[in-house]
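Peer 1: This is the structure I have questions about; it appears just below.
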Amino acid sequence: MYVADSRAGAPGAPVSADGAVRPSAGRRRAAVAPTVLALGTVSLITDVSSEMVTAVLPLYLVAGLGLSPLGFGLLDGVYNGFSALVRLAGGHLADRGGGRHKWVAGIGYGLSALCKPLLLLAHTLTPIGLVLAADRTGKGLRTAPRDALISLSSTPENRGRAFGVHRAMDTAGALLGPLVAFLILRATVDGYDAVFTVSFCVAVLGVLVLVLFVPNGAPTPPTAPPAPQPAATAATAPTASTAPAERPTLRAALGLLRRRDLRRITLCALLLGLATVSDSFVYLLLQRRLGVPDRWFALLPLGTAAAFLLLAVPLGRLADRVGGRRVFLAGHGALLLAYAVLLSSWHGTALPYAVLLLHGGFYAATDGVLMAAASDSVPPALRSSGLALVQTGQALARFACSLGFGAAWTLWGDRTALLASTVALAVCAGCCALALRPAREAVS
């Protein structure tokens, strides 16, 4: 179903102004490229590894090591935001190297894999923080080059679907990771140590798949031959070989923010990230509302992952039809509803299902969709750097939110902290809806 359509580059296929093939009437739309499937497999395996750790980390730190909510907020901020400091470097290195996307991503995957066994040796705040910072450095290095490979392998007409397929495969790993962690915790005496050890072995497998099966170089979507032109026109028309291309310099990468569309997307991602409570806090809040026993805590992320898996491809295809920015904003509306449900007095048995469904829907409508929308505003030579700019703004904002939410929980309690985040998210979403509305057709 998702094998690349060889007819996409057939002679006579309609071509857009940017050189991408547009499907003709009656022709099936091109499916995702093999590169996307290979990267999806790498992400699936890697997410099994990382989500095994993520599923048990909140409980391990708060219940096992006795950290306060403020201390956990600091570590969670490091875990989710430290990668922002290296995403620009990773994106720039991939673009500058003229096709080094795979190898820069591979270094990132390898570094994160090496950090898993180090958690066995860290038992206090400082060493745990250093290990998590190194792990997030690896994530920061790999994310932008990987997403650039996905973007460069697809056309504007199927880019949302390509990211949706990748995120669905990625989320299949996120679905399996907590389940594996849960089974290990129930079957072993030193459960946390066993989880970290198995996580390392799985991460190494992901690196091997990347090295063996992801093609070298930066792929380009299939293009059709240029239409014949009259002699007088052909003599004066610029060709692809003579058209100037932007050089992948650091100044050029930062200069991308002068592009109106990309600047708006980046600012909105940053603003909304300031009010996005991290997953770990959502699960801790849900555990407190429901009184979930510690041994079942690792299963809570399964609900989010299942919803993400089911909705990633449909919402990616919807973004291709109606515009990524609309779907992106709707995803934050789903997150706002999830916060409202947690704040309500509802205690029905459907409460956890509703929260986790909305939480997974939020990720399905925002994660890959944001990258697909931003790709349309970035030239291919700077694709990795441009996506890194958006990711950096979002990651820094979520780092600040983790610190702020942890401090608010410590000072005022969990309910007041969530109420403040809900109000902030509503205000930010309204501002972003106004900011993106004039350019909403640009990504449709």
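Peer 1: Please return the ranges of helices (runs of 4 or more DSSP H) entirely within segment 172-288 where 1 or more residues are at pLDDT 70 or above. Talk me through it step by step, then tell me what you get.
Peer 2: Working: elements: 191-213, 231-236, 250-255, 260-273.
Correct list: 191-213, 250-255, 260-273.
Peer 1: A further question follows. Which of the residues belonging to segment 151-169 are more than 17 Å from Gln394 (Cβ to Cβ) and either without any contact (Cβ under 8 Å) to a residue 12 or more places away in the chain or assigned to a helix (DSSP H, G or I) (or both)?
Peer 2: First pass over segment 151-169, keeping only residues more than 17 Å from Gln394 (Cβ to Cβ): 152-162, 164-166, 168-169.
Once the filter is applied, which keeps residues that are more than 17 Å from Gln394 (Cβ to Cβ) and either without any contact (Cβ under 8 Å) to a residue 12 or more places away in the chain or assigned to a helix (DSSP H, G or I) (or both), segment 151-169 yields Leu152, Arg159, Gly160, Arg161, Ala162, Gly164, Val165, His166, Ala168, Met169.
Peer 1: Would you mind stating whether Gly138 is over 18 Å from Glu51 (Cβ atoms) and either assigned to a helix (DSSP H, G or I) or touching a residue at least 24 places away in the same chain (Cβ under 8 Å) (or both)? Lay out the reasoning, then the answer.
Peer 2: Details: over 18 Å from Glu51 (Cβ atoms): no; either assigned to a helix (DSSP H, G or I) or touching a residue at least 24 places away in the same chain (Cβ under 8 Å) (or both): yes.
When the stated conditions are applied, Gly138 does not pass them.
Peer 1: May I ask you to verify whether Leu130 is among the aliphatic types (A, V, I, L, M) and either in a loop (DSSP other than H, G, I, E, B) or not assigned by TED's automatic domain parsing to the domain that holds Val209 (or both)?
Peer 2: Details: among the aliphatic types (A, V, I, L, M): yes; either in a loop (DSSP other than H, G, I, E, B) or not assigned by TED's automatic domain parsing to the domain that holds Val209 (or both): no.
Criteria not met by Leu130.
Peer 1: Can you tell me which condition Ala408 does not meet? The list is (1) open to solvent by less than 10 Å² (accessible area, probe 1.4 Å); (2) of a type in the set (Gly, Ala, Ser); (3) without any contact (Cβ under 8 Å) to a residue 60 or more places away in the chain, and all the others hold.
Peer 2: (1)
Peer 1: Here's a follow-up. Let me confirm something: among Ala319, Ala334, Ala312, which residue is in contact with an Asp or Glu (Cβ under 9 Å, 6 or more places away or on another chain), under 20 Å from Ala373 (Cα atoms) and at pLDDT 90 or above?
Peer 2: The conditions single out Ala312.
Peer 1: Still on this model: Just one of the numbered conditions (1) under 22 Å from Leu387 (Cβ atoms); (2) open to solvent by less than 40 Å² (accessible area, probe 1.4 Å); (3) within 22 Å of the chain's Cα centre (by Cα) is not true of Arg264; which one?
Peer 2: Among (1) under 22 Å from Leu387 (Cβ atoms); (2) open to solvent by less than 40 Å² (accessible area, probe 1.4 Å); (3) within 22 Å of the chain's Cα centre (by Cα), Arg264 violates only (2).
Peer 1: Would you confirm whether any residue within segment 394-403 is closer than 19 Å to Arg146 by Cα and open to solvent by less than 10 Å² (accessible area, probe 1.4 Å)?
Peer 2: For segment 394-403, residues closer than 19 Å to Arg146 by Cα and open to solvent by less than 10 Å² (accessible area, probe 1.4 Å): present.
Peer 1: Can you tell me which condition Gly291 does not meet? The list is (1) open to solvent by 30 Å² or more (accessible area, probe 1.4 Å); (2) touching a residue at least 60 places away in the same chain (Cβ under 8 Å), and all the others hold.
Peer 2: With (1) open to solvent by 30 Å² or more (accessible area, probe 1.4 Å); (2) touching a residue at least 60 places away in the same chain (Cβ under 8 Å) applied to Gly291, the lone miss is (2).
The values are calculated or read from the model by the stated rules, or taken from the named source; none is laboratory data. Quantities reported herein were computed from a predicted structural model and do not represent experimental measurements. Every residue, glycine as well, gets a Cβ built from its backbone with ideal geometry; the counts of neighbours run over all protein chains shown. For accessibility, only protein heavy atoms count, side chains too; no ligands or nucleic acids. Shrake-Rupley method; radii C 1.70, N 1.55, O 1.52, S 1.80 Å.
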